[in-house]
1. What are the residues in the range 79-110 that are farther than 16 Å from VAL137 by Cβ and within 14 Å of the chain's Cα centre (by Cα), if any?
2. Please verify whether TYR117 is open to solvent by 40 Å² or more (accessible area, probe 1.4 Å) and modelled with pLDDT under 90, treating the condition exactly as stated.
3. Give me the residue from the range 1-49 that is among the polar types (S, T, N, Q) and within 24 Å of the chain's Cα centre (by Cα) and, out of that set, modelled with the lowest pLDDT.
4. Can you tell me how many residues in the range 93-132 are part of a strand (DSSP E or B) and within 17 Å of GLU186 (Cβ to Cβ)?
5. Name the single residue, out of those in the range 40-98 being of a type in the set (Phe, Trp, Tyr) and closer than 30 Å to ALA20 by Cα, that is most open to solvent (accessible area, probe 1.4 Å).
Amino acid sequence: TGSGPVRFRCGDTEIYSRAAVHRPPAPAPPGFPAEGTSNRASLEELLEMLKNVIFPASVAGEQGFDLSPGDLAMVKQAMGTFPGEARLPLYDPERHPPAYCKFILWGGARDISIPPYLRVYNKSGWACGQLTDVAYVADDRYGVEFMLAATLSTGDSGAAPGEVPDYDAVCKPFLGTLGQRIYAYELQQTGKYLPPTARYNPFTPQTRDARRETHR
C-alpha cells in the first residue's frame, strides 16, 4: 500500500510535492480473511492492468496481455457496460442502479442520469474495509479522457467478526467527488495532449475546442 510520487503545480510554481510512499500491508481486521486466503493486487498493478486493456500499444513486451483483438474488445465492452445495457444477464434496476460499481465520478449513486457521451471503463472492489476503483473515463462529446485509481479505508479496523464495513458513509461519496473534480479540471484544459482520433468515437482538436467553448 502507499502511493506514487505526488506533485501539484500552479502555473510554473510548485505548491506541493511528496516522494513515493510504500508501507507494508496492514493485518486483516478481526472477522476478515487472513493474508494469503484471498486474491490481492497493489493499486499500481491494477492501474497497469487497465492500461493493458485501454492502451495495449503502450505496454511493451511480456508486460502486455496476450489477447486477440476480439477478446480485447470483449473485455473493454464488459468494463464499460452499465447495468441497464446488459442483456445476459439482465440486472434488476432496483438492486443495480445505473452507476452501480461506478464509484469514480458517481460514487455508485442511485438517482442519477448518465449522459450518453460519458463512458467509464473500470474495475472496482471492496474487502477488509478497503474500497478500490481503477477507472478510465472517456467523454466523447468534449474530448476528455483520464485515468484515475484510488483506494480508501473505511477505518473499520476494529470491526466485530462478521460485521460489514460501512463503505457508503465516506468512501463511495469521496470517490464520486474526486472523480467529478478531476473531470471538471480536464474540461477546462486547452488540449496539450489530445486523445488519438477514432479510438472510440472520432473527433478532431478543432471540434474538441469548439465543444469546450460551448460547454463553458
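1. TYR100
2. yes
3. Once the filter is applied, the top-ranked residue is THR1.
4. Counting residues in the range 93-132 that are part of a strand (DSSP E or B) and within 17 Å of GLU186 (Cβ to Cβ) gives 5.
5. Taking the candidates together, the pick is PHE65.
The values are calculated or read from the model by the stated rules, or taken from the named source; none is laboratory data. Remember, predicted model here, so these are calculated numbers, not experimental data. Neighbour counts run over all protein chains shown; Cβ positions are idealised from the backbone, glycine included. In case anyone asks, the SASA skips ligands and DNA or RNA and just uses the protein heavy atoms, side chains included. Shrake-Rupley method; radii C 1.70, N 1.55, O 1.52, S 1.80 Å.
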